[in-house]
Structure formats: structure tokens, C-alpha cells
Amino acid sequence: MNVSGEATKSVWMLDTKFPTAPRLQQDEHCDVAVVGAGIAGVSIAYELVLAGRNVVLVDRGPLLGGMTSRTTAHLAPVCDDGLGALVEMRGEELARGFQESQQAAVDRIEELVGNLAIDCDFRRLDGFLFPAAWMDDEEAAKQCDKEYAAAIKVGAIVERSKGVPLNGHESAPVLRYPNQATFHPLKYLRAILADFEKRGGRTFANSAVTDIEEGDQVRLKCERGAITASNAVFATNSPINTWVKIHSKMAPYRTYAMAFEITKRLLSDALYWDMDDPYYYVRLNPGSGKTNYLIVGGRDHKSGEADDGDARFAALEAWIRALVPDLGGETARWSGQVLDTIDYCGFIGRSPGSKNVFVATGDSGQGITHGALAGLLIRDLVVKGSNSWEAVYAPDRTPPAAFANYLSENLTAVKNFAEYLLPGQVKSAEDLKSGEGGVIHDGLSKLAVCRDRDGKLHTHSASCSHLGCIVHWNSTEQCWDCPCHGSQFAPDGAVLNGPAIRGLS
Ligand SMILES: Cc1cc2nc3c(=O)[nH]c(=O)nc-3n(C[C@H](O)[C@H](O)[C@H](O)COP(=O)(O)OP(=O)(O)OC[C@H]3O[C@@H](n4cnc5c(N)ncnc54)[C@H](O)[C@@H]3O)c2cc1C
Ligand code: FES
């Protein structure tokens, strides 16, 4: 699959039905403008329309075509980084608020599925935390004890249990989290968008917001029109309205997923994730006839710091075939990016220093629940001015306990700027074969040079249009990744992912 949308058919088992919407061609006025139509933007726009607000939802590309189309969609309220780590980082009270709010997000999705009778394979199921491949039972039991104690502290429902139906782990110490969930995100969101429009919400696609003017009213400029609103919400996955304040508190990680055919009933329908860091996970997606799809994911690395997608997919496949020896053939492979925050919770709320601009970001691998939750939280902030989970997700926070993470994640930018002094990775553009790219030293500057799959050579400045870090070639996705804050650019320099607003020059 390719971020430029070339082969997005592999995502969600060949589902590429992104809803259509007109391009913004004129000026629009509304109560709330929501920028970005992924799970976060759609959920926020929908909750606000239900609350009686006049809402415009605008996206740079097709609606739902961002990271949401790449998700593997577990709806697990349990903190992605582990509950023990969350309690240590945020303290018991805020960790409890996190658990409660993530649970509320899953409940809200279930409620909307029921209200609108959405056919999206939503189902409640168990989640299992099982030992990493390198752990013996003693080590795994210790880890279970730590997570169990933290789960009780934050009010998560958890049970100690023995074994999961994965080869070698049949009698291992595991934790069972009942009442987790999963669904087909695009089927769900298409139905929500249809109801949003039925209730008077307006949607615009292929209309990038390129300028933002804040005041009593917020004015968002697109190429062919502008939106003026009393409030604006940036749900662009990575916020495009602030340059540093939030971006220095989160880091982009690339994560990999694959789907395989599996005979129905070979593996019971549940969410499985192991105790490794970063963890591997397994889940099922319903298929037709006698076949389901098994989805496996993991092998994350910091964006731009590795370009070895094939080796990561091979490792994922080896890992899952050892656990499920009768697995069928591969049907899809893809990767995407998540934004890990320094204290494991998203940034959802009033944008730092703003009174009428809001953000939803910092998904930390739990972007689907964070997105649904953003709908509830930002609706309350706009309509009532407050919400009981505000402190958990406050975008202006920097907890002292997260200082070590803050320093280590920001070292990336320091290391990256040192690259300006190093020789380029590629000697000459002539050396590049189709699908290859690299940075070339050109006097005092660096050039990002790649040859696309059609053999066409592209040359741009290697300096990211966000804050100037040097971009790195990603041969799996055929794009340029910026290691500093996660911007991505197509071979022709066009911006694919924020925080950059403009392409490579
Ligand atoms: C492989 C993978 C597996 C995952 N698995 C899970 C999982 O199991 N559970 C889970 O909870 N999460 C998971 N995640 C994370 C989750 O999918 C994402 O965090 C979530 O979908 C992000 O949603 P979003 O609405 O914030 O962003 P997006 O879906 O990326 O939407 C943002 C939108 O903003 C638009 N935009 C950007 N800039 C502009 C601009 N200037 N003007 C207008 N529009 C703009 C983009 O075009 C895009 O459509 C996974 C992610 C990946 C990659
Ligand atoms: S994303 Fe910030 S410098 Fe590139």
C-alpha cells in the first residue's frame, strides 16, 4: 500500500469506499468548523450537530482517507502503554479518568451503532494480555501482577487467567479484560457521516486548509474559499494550527499490519496482545464462507529511523505463523503512523493559548477510542465550557514525570539537525532505481531525490516545510517521512500528513 492512495485497496480488506463530498468553492459561515475527517473529526462534528450546532467538516483529501483507513480497530479502553506505566506517569486519579473516558468512548460507539442500526460488525469480546516470546512463566506472572494491580486501581474489569489458544501459550499466565470491542471503522463512519449530512452538517473534501486567522471568529482559508466560524477544531491527526507546543510532546511511530486468511473457528474471536514493547497483537475480522481474516500488527519504530518494511513484515509473518501454524495465505499488508505522547494520553481540548480553537491529537495507538472520546469532550467544551475529563487530556499540560520522555523524544530533532553536516546518503540521482530515494548533498543544502515507480525523477529540498528537519525516504510507502514530528510528503513533494501544511519546496 502507498500513502498517496495508489493501492489503498489493501486496507480494510479491499474497502476503498470513501464517501464523496464537493470541493470548497465559496465562503462558508458556521458555528463550528472541524478540520480533518477521520474518526476524531467525524465524531466531533457529529456530536456537535446532535447538540444543535451548525457545523462544517472539511478535509484535504477524501473523507476518511487518513490514518483511520489504516487502523486495525480494536476498541480497548486499556492504556496502550500498560496500566502500570499509566498510573506511575499520571497518578491514580487521572489514570482512572483515562480508563473511564476510554470506556465511555466504546460505549458511545456501541450506542450510536444501535441508534442508527449500523451494520459494521461491532461486537463485544475479551481482550487477552499474554507473555512476550522471550518471557518465561515467572517473568510473565510478575508482569501480570503489576498490570492486574494497576487495573484494579483504575477501575478496569480484569481477571487473572491461564492460557490463550496460541501455540506455546496454552497454559501461560495471562490477563483477561472482558467487554472490549471491535468493529469495521469505515462502515461505521460512513453511516455517521450520512446522518451528519441528513441533520444539516456540511462536508467538503479535497480542500486543504492552508491558512488560519484566529480572533473572535476563526477564519480558515482553503485554495478556493474560506470558512468563518465561532469555533474551530483541528482533528488533522497531527495539529496544523500550532507549530511546536504540542508537537514537542509527542513523537511519530510507524507501525505495520498484515492480514491472512484463517479458517473460521480455528482461533476464538478476541483481541490478543503480548507483553513486548512495542507489543505484537492479533485480532480477527469476519470474512465470508468458511474464512475469516486474521490481522497481526506491531514491529513499530520511530518514523524515518528505519527503512526496512520488508524485513518487518517478514518478522510479523514469522511471529504469527509460529503462534497459528495453520494460518492461510496473506491477503494484505500495510503500515501507518501513530503519535505517541510523552505521558501516554492524547491531547484533546482547547489549543494552548486559544479560547475558541480546539485540537484532538496524540492517538498513541488508541486513536479510534481517542477519536470517539474527542467527540464527547470537545462537544462539552464548546457547548458547556467544561468536561470532567478535561485535565486528563489538557493539551497545555507537561507532567513533570514525563520529563525524561520529553528529552529523549526531542533528541530526534537534535540528531536530525546534525545531519545537515553529514554527507548525503546517495551520491548521484542517476544511481537511483525506480522506487528508490535518498538525500543528496548539494553545496550547503540537502536535496530529497527519488525515482517514482514509473521511473520519473523528483528533486526537492530535503528540508521539511514544518520546522526544517531533514526528511527520510520510506521505500515501503514510497514517500518522505520527517522523523521530527511525523510530516509525510509524496514523491512529487505534496504534503500527505501534517503538521506540515505545505509541500517540499
Ligand atoms: C496500522 C495501524 C493500526 C492501528 N490500530 C488501532 C487500533 O487497533 N485501535 C485504535 O484505537 N487505534 C489504532 N490505530 C490508530 C488509529 O487508527 C488512528 O490514531 C486514528 O485513526 C487517527 O484518527 P484521526 O481522525 O486523528 O486522523 P486521520 O484519520 O488521519 O484523519 C485526519 C484527517 O485530517 C486531514 N487533514 C490533514 N491536514 C489537513 C489540512 N491542512 N486541511 C484539511 N484536512 C487536513 C487528513 O486528510 C485526514 O483525513 C492504528 C493505526 C495504524 C496506522
Ligand atoms: S514534521 Fe516537524 S520538522 Fe518535519
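Every read-out reported here was derived from the displayed coordinates using simple, explicitly stated rules and does not represent laboratory data. Here the structure is a predicted model, which is why all the values come from computation and not from measurement. Cβ coordinates were reconstructed from backbone atoms using ideal geometry, including for glycine residues, and neighbour counts include every protein chain displayed.
Putting +1 on Lys and Arg Cβ atoms and -1 on Asp and Glu Cβ atoms, find which of Ile262, Leu86, Ala315 reaches farthest to the positive end of the dipole of the chain.
So the residue we want is Ile262.
Reachable lysines from Lys153, Cα under 29 Å, same-chain residues fewer than 8 places away excluded?
Within the straight-line cut-off, Lys153 pairs with Lys142, Lys162, Lys249.
Set Lys and Arg Cβ to +1 and Asp and Glu Cβ to -1, take the dipole of the chain about its Cα centre, and tell me which of Val383, Ala73, Ala448 lies farthest positive.
Val383
So what are the ³J(HN,Hα) numbers for the range 483-494, from phi and the Karplus equation (6.51, -1.76, 1.60; θ = phi - 60°), rounded to whole Hz, Gly and Pro as x?
The phi angles translate into x, 6, 9, x, 5, 9, 9, 6, x, 7, x, 5 Hz.
Set the bar at 30 Å for Cα to Cα. Now go through Lys198/Lys384; Lys146/Lys302; Lys146/Lys355; Lys245/Lys433 and name every pair that lies beyond it.
Those over the limit are Lys146/Lys355; Lys245/Lys433.
In whole Hz and in residue order, list the ³J(HN,Hα) couplings for the range 124-140 that follow from phi through the Karplus curve 6.51 cos²θ - 1.76 cosθ + 1.60, θ = phi - 60°; x for Gly and Pro.
Listing the rounded values in order: 7, 7, 7, x, 10, 9, 10, x, 5, 3, 7, 8, 8, 4, 5, 4, 5 Hz.
Using the beta-carbon distance between Asp454 and Arg199 and R0 = 45 Å, what value does 1/(1 + (r/R0)^6) give for FRET efficiency, to the nearest 0.05?
0.55
Under the rule a/c < 1.5 gives rounded, and otherwise a/b versus b/c splits prolate from oblate, where does the chain land using the Cα gyration tensor?
rounded
What value, in deg cm²/dmol to 500, does the helix sum -39500 (n - 2.57) over DSSP H runs of n ≥ 4 give at 222 nm once divided by the residues of the chain?
Dividing the helical sum by the residues of the chain leaves -8500 deg cm²/dmol.
For a quick check: sort Leu294, Leu407 by the number of other beta carbons within 10 angstrom, fewest at the front.
Listing Leu294, Leu407 from fewest to most nearby Cβ atoms yields Leu407, Leu294.
Nearest 0.05, what FRET efficiency do Ser388 and Arg502 give at R0 = 35 Å with Cβ-Cβ as r? Write out the running numbers ahead of the final one.
Values: r = 39 Å, r/R0 = 1.10.
Efficiency for this residue pair is about 0.35.
Would you work out if the range 418-497 is rounded, prolate or oblate? Take a ≥ b ≥ c from the square roots of the eigenvalues of the alpha-carbon gyration tensor; rounded if a/c is under 1.5, else prolate when a/b is larger than b/c, oblate otherwise.
Numbers: a/c = 1.89, a/b = 1.10, b/c = 1.73.
The shape class here is oblate.
Calculate, in nm to one decimal, what Ser434 and Asn115 gain on full extension: separation in residues at 0.36 nm each, minus their alpha carbon distance. Intermediate results must be reported in sequence, preceding the final value.
Values: separation 319, 0.36 × 319 = 114.84 nm, distance 4.99 nm.
That pair, Ser434 and Asn115, stretches by 109.9 nm at full extension.
All other residues with a Cβ under 12 Å from the Cβ of Asp276 taken together, and with Lys, Arg as +1 and Asp, Glu as -1, what is their net charge?
-3
Full-extension gain between Thr20 and Glu92, please, as 0.36 nm times their residue separation minus the C-alpha to C-alpha distance.
21.5 nm
List the residues whose amide H sits under 5 Å from the amide H of Arg23, counting only those 5 or more places along or on another chain, with H placed 1.01 Å from N in the peptide plane.
Those lying under 5 Å, H to H, from Arg23 are Ala205.
Check the cysteines of the chain one by one and keep only those with no other cysteine Cβ under 4.7 Å from their own.
That list is Cys30, Cys79, Cys120, Cys144, Cys222, Cys345, Cys450, Cys479.
Given R₀ = 22 Å, what would the calculated FRET efficiency be for Arg321 paired with Ser268, taking r from the Cβ atoms and rounding to 0.05?
Details: r = 19 Å, r/R0 = 0.84.
Calculated transfer efficiency: 0.75.
So, in Å, what gap is there between the alpha-carbon centers of the range 131-201 and the range 337-385?
22 Å
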